[in-house]
Structure formats: structure tokens, C-alpha cells
Amino acid sequence: GAVLANRAGLFNIGQEGQLTIGVGFAVWAAISFPGPGPVKLVAALIAGGIGGGLWAGIAAVLRYRFSVNEVIATLLFNFVAFQALNYALDRTWLLKPDDLVGALPPQSGPVGVDARLPRMDSLLGVPAHIGILLALALTALVGFVLVRSSWGARLRLLGASAPLAHRAGVRAWLMGGAALMLAGAAAGVAGSVMLTGVVYRVDPGFSNNVGWTGLLVALVARDRPAAVAPVALAFGAMQAGGNLLASTGVPRYLVDIVTALVVLAAIFPPVLLELRERRRIHRESLAAGDAHDQ
């Protein structure tokens, strides 16, 4: 999702809020939607995507209708989303079950066993669910769309040069709005997968910085879908290793420091090279201008 928004020239930092709203939609669907377990599971995944996409759509409307910078809008909507989920978890007519009235922290009811993602322990030998395959499939789909489709070409053109895209007939509000909503939908689906594959219930701290981590993964991968999966795996390994180190007495924040260093090491070199190239072009243009004057 972050890759899609970045390729469109939009910096979406609202993944935490979009995941939060998406998981609110998802837990409601998983518990309240009629039908057997598999139907509830599919409904939860779809509802999570719809919730995250609609939440990002508000920022898209503000961006293209009222010229509100998407960085500010998506950032501030994170805090609105957190409070909205807290409100829903504290109301029995929304997400709070009657048997948990007065429980602290407020939380939703559990997702039924039949509405959870199937596991692949026997195939991989590790505790894993098919949400991993869903993530890989969506990553491959994003890569294909960006590289092989005309829609992806227009999206990349918009991100590279909005004036040029306008001259080519690309409607910025349509392409950019769609990219931002799809980014939010991806965050919402991620929350649905966390809900139905790992946690099974929602509380106020559900997101656990997964949205922020997704943004960092996209930055380190330099918005290349092919690099997203291995970078995400590396981040997950660092976090899992940090939990193990914390159990031995090593400070947990060391993992955050290492993660930050990895991000800086991945971002700074391209920026410095681009600055150096711009300075070279500027010097050459000045030299050519002097030669012409002479």
C-alpha cells in the first residue's frame, strides 16, 4: 500500500489509522456477519479493506478538493482513528460484547475458531497462517500492475511529474485518489489478517506500530515491489529477535536503534547521489553559459 501511494507522488503516513479503522470493520464482520465461518472470514478481509480504503479516501478528498496536504491529513487522521476505535470498543451497540462490560482495557469479542485463517504448520514446520501467501500474492499483483499495465504507467507518470501527467491526459484526482484509497485498503487488509490469523480480538493497542513499519519497509525497498517481501522479512526477523533478546535482559530499544540505522543507510546514499548529480548539472550549465557569453 505504501508503495502504491509513493509511486503516485503521495506520501501516506496514515497506515496506522487506516489499519485501525479497517480492523474495526473486520471484527464487526467476523462476529456479526451471518453465515458459516469461511463466509465470515472472507467478509472480515473484505470489510477491513473497505474500512481502510474509506478512511484513506477522506484524506484523498481533502487533498484534491480542498488542497490539504496528504502528509498532514493522513497523520492527523491516525489519532482520530485511535479514538474512534476506543469509542467503538467501549459501546455495546458497536464492538463491545455484553459479557465484557467494565473490562479494562476495552476489547471486542473473540473471532470464532471457524472464522480464522487456516494455518500451515504442517507445511512449513513453523507456526504460520496463509496470510503470508495472501501478502505475497498482493505484492506480486502490485508489481505486475505497476510495471505491466497502462494504469500503472499513468500512476508512475503522475508520481514522476504531475504537469507532464496532466498534459498526457492523466487526471490527478482520479489516479492519486485511487492510489491513496488502495493504500488504505491494503492497510485495512493487513489489520484483518492480523485479527483473523494471530490476535483474534481487538483492543486499543491492536496496531502495534505495524503501519509505521510498513512505511519503513517501503522506504528501504525504494518503492520496488520485488524488494518489499525480503525487506519485510528482515524487519520481522529483527523484531522477533528483539523480543528474544529482551527476555535475556538486553534492552529492547536496541532493536529500534538498529532498525533506524538500517533505514538511514538505505535512504541517505540515493539522496546524496541525487544532490551530487544536481550540483554537477548546475555547474555544467553555468560553465556552458559562461562559454556562450565569451
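The values are calculated or read from the model by the stated rules, or taken from the named source; none is laboratory data. All of these numbers come straight from a predicted model, not from anything done at the bench. Positions of Cβ are generated from backbone atoms using ideal geometry, with glycine treated the same way; all protein chains shown enter the neighbour counts. Protein only, heavy atoms only, side chains kept; ligands, DNA and RNA dropped before computing areas. Shrake-Rupley method; radii C 1.70, N 1.55, O 1.52, S 1.80 Å.
Laid out as a table, the results:
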item	result
At most 13 other Cβ within 10 Å, DSSP loop - chymotrypsin sites (Phe, Trp or Tyr not before Pro), region 41-87	PHE66
Overall form of region 25-136 per C-alpha gyration tensor (a/c, 1.5; a/b vs b/c)	oblate
For Cα Rg over 2.2 N^0.38 Å, calculated from these coordinates, the label among (i) 0.93; (ii) 1.14; (iii) 1.28	(ii)
Percentage, to the nearest whole number, of Cα pairs in region 98-155 over 15 Å apart	70 percent
Nearest-ten-degree value, helix 253-293 long axis tilted from longest Cα axis of the chain	20 degrees
Å² of accessible area per residue within region 138-294, as computed with a 1.4 Å probe and no ligands counted	60 Å²
Range in the chain, longest, excluding exposed trypsin sites (Lys or Arg not before Pro) [loop by DSSP; at most 14 other beta-carbon atoms within 10 Å]	1-90
Rounded accessible area per residue of region 1-67, 1.4 Å, Å²	38 Å²
Kirkwood Rh in Å, taken over region 167-215 so that all alpha-carbon pairs contribute	12.7 Å
Tilt relative to the chain, helix 15-32 - C-alpha long axis, 0 to 90 degrees, to 10	30 degrees
222 nm mean residue ellipticity, helices alone, for the chain (DSSP H n ≥ 4; -39,500 (n - 2.57); rounded to 500)	-24000 deg cm²/dmol
Electrostatic dipole magnitude of the chain [Cβ: Lys, Arg +1; Asp, Glu -1; Cα centre; debye, to 20]	680 debye
Whole-percent carbon and sulfur share, accessible surface of region 130-176, 1.4 Å	70 percent
Kirkwood hydrodynamic radius of region 123-219, from inverse mean 1/r over distinct Cα pairs, in Å	15.6 Å
Of all accessible heavy-atom area on region 16-71, the percent that carbon and sulfur account for (1.4 Å)	74 percent
